[in-house]
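Colleague: Would you mind keeping the following structure in view while I ask a few things?
The values are calculated or read from the model by the stated rules, or taken from the named source; none is laboratory data. Note that the structure is a prediction, hence the values are computed from the model and not measured. Virtual Cβ from ideal backbone geometry, glycine too; neighbours counted across all protein chains shown.
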Amino acid sequence: MRNAAIFAALFIACVFLPPWLRKAGSGIFDEFRAPIDVLPAALGDLEKYWALNSNSKKALLEAGRDLARLNASYQLKNMENSVLREKLARYENFFRIPSYDKYRMEVARVARRDISAWWQIMVIRKGSAHGIKEGCAVISSGGVVGRISKVGAYTSVVELVSSSKFRMAAYIEGENRPVIYQGAGAVTFHEACGEVTDVPIDVSAYSNGRPLRLWTSSLAGTFPDGLLIGEVKTLSLDSDGVFKSGMVLLSGELSSLREVAVLVPIENASK
């Protein structure tokens, strides 16, 4: 009876409290819950550390040699990257092309992902203390992951590109006419997809036997041009006979993400 009375009192308080007070209470609860979300991921990192620490001396020497080779390879890649960046800067200056270097990447580990909302949201282990704000784009090596929908001090909620609430402007490979992309959840547990609409009637889903890719458009505001969203698998004529719409298959990496990068706008970037 006591637990039921407490539950009833909390329910009545949630219903009749003013909205601003409920919002403040929700924010306090999120900050209180943040360490609980981060703890399992942190324990997993600690477990990996001790597992590596228990390796034999021979295994560590072999790992060291492999790491030295990788470091040498990365040094060469960094040199190549520096040369390419300088060349790109010269081309941008010569052709007066605007630079898209308006973001810094804040790499964050995934803290929590619920089975019930697997294709809708996930929680990452960085927040406002690291400069992250609501609306920031989230990407990975596979392309667009989503955008920040809620920010705490040390955790943030990402609305995934597969969520039905995710919507943005985009363009199809080889086209400069904007289209609309919206997440559609998942066809199966292993396949996330979305929908592309307002596609011009003369556009086909395939070119030279391969599906066309869907890219982000800067019209979306928080996303720069040219980030991969997915592949356009099908296109069919809408009932109005004016535009086409179809299915977009998203990256397979979306189901097994461990780290993501948040594109944080640089405040003093040239416009």
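Colleague: Scan the range 119-142 and tell me whether some residue there is farther than 16 Å from Pro265 by Cα, among the basic types (Lys, Arg) and surrounded by 17 or more Cβ atoms within 10 Å (Cβ to Cβ).
Modeller: Let us first name the residues in the range 119-142 that are farther than 16 Å from Pro265 by Cα, namely 119-125, 140-142.
After this cut, where a residue has to be among the basic types (Lys, Arg) as well, the list is 125.
In the following step, the residues that additionally are surrounded by 17 or more Cβ atoms within 10 Å (Cβ to Cβ) were identified as 125.
Among the residues of the range 119-142, at least one is farther than 16 Å from Pro265 by Cα, among the basic types (Lys, Arg) and surrounded by 17 or more Cβ atoms within 10 Å (Cβ to Cβ), which makes the answer yes.
Colleague: Is one or more of the residues making up the range 76-89 in contact (Cβ under 8 Å) with a residue 12 or more places away in the chain and either on the phi < 0 side of the Ramachandran plot or exposed (fewer than 13 other Cβ atoms within 10 Å of the Cβ) (or both)?
Modeller: Looking for residues that are in contact (Cβ under 8 Å) with a residue 12 or more places away in the chain and either on the phi < 0 side of the Ramachandran plot or exposed (fewer than 13 other Cβ atoms within 10 Å of the Cβ) (or both), one finds none in the range 76-89, hence no.
Colleague: Let me ask something else about it. Filter the range 219-240 down to the residues that are of a type outside the set (Asp, Glu) and either part of a loop (DSSP other than H, G, I, E, B) or free of Cβ contacts under 8 Å to residues at least 24 places away in the same chain (or both) and list them by number.
Modeller: If the condition is that a residue be of a type outside the set (Asp, Glu) and either part of a loop (DSSP other than H, G, I, E, B) or free of Cβ contacts under 8 Å to residues at least 24 places away in the same chain (or both), then Gly221, Thr222, Phe223, Pro224, Gly226, Leu227, Lys233, Thr234, Leu235, Ser236, Ser239 are the ones that fit.
Residue-by-condition table, conditions (1) polar (S, T, N, Q); (2) over 19 Å from Gly185 (Cα atoms):
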| site | (1), (2) |
| --- | --- |
| Met79 | no, yes |
| Asn93 | yes, yes |
| Ala108 | no, yes |
| Lys133 | no, yes |
| Ile139 | no, no |
| Gly142 | no, no |
| Ser156 | yes, yes |
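Colleague: Also, quick follow-up: Take Gly246 and tell me if it is in the same structural domain as Met105 (by TED's automatic domain parsing) and outside any strand (DSSP E or B).
Modeller: So Gly246 does not fit the description; no.
Colleague: Among what's in the range 229-239 and is among the aliphatic types (A, V, I, L, M) and in contact with a Lys or Arg (Cβ under 6 Å, 6 or more places away or on another chain), pick the residue that is surrounded by the fewest Cβ atoms within 10 Å (Cβ to Cβ).
Modeller: Checked the range 229-239; the qualifying residue surrounded by the fewest Cβ atoms within 10 Å (Cβ to Cβ) is Leu237.
Yes or no, residue by residue, for (1) within 29 Å of Ile115 (Cα to Cα); (2) in the same structural domain as Glu106 (by TED's automatic domain parsing); (3) surrounded by 17 or more Cβ atoms within 10 Å (Cβ to Cβ); (4) of a type in the set (Val, Ile, Thr):
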{"residue": "Ala192", "(1), (2), (3), (4)": "yes, yes, yes, no"}
{"residue": "Thr216", "(1), (2), (3), (4)": "yes, yes, yes, yes"}
{"residue": "Thr222", "(1), (2), (3), (4)": "yes, yes, yes, yes"}
{"residue": "Gly241", "(1), (2), (3), (4)": "no, yes, no, no"}
{"residue": "Glu253", "(1), (2), (3), (4)": "yes, yes, no, no"}
{"residue": "Arg258", "(1), (2), (3), (4)": "yes, yes, no, no"}
{"residue": "Ala261", "(1), (2), (3), (4)": "yes, yes, yes, no"}
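Colleague: Considering every residue within the range 136-151, establish whether at least one is outside any strand (DSSP E or B) and over 22 Å from Lys102 (Cα atoms). Can you show your working first?
Modeller: From the range 136-151, those outside any strand (DSSP E or B) are 136, 141-142; that's our starting set.
Imposing the further condition that a residue be over 22 Å from Lys102 (Cα atoms) reduces the set to none.
So far as the range 136-151 goes, no, none of its residues is outside any strand (DSSP E or B) and over 22 Å from Lys102 (Cα atoms).
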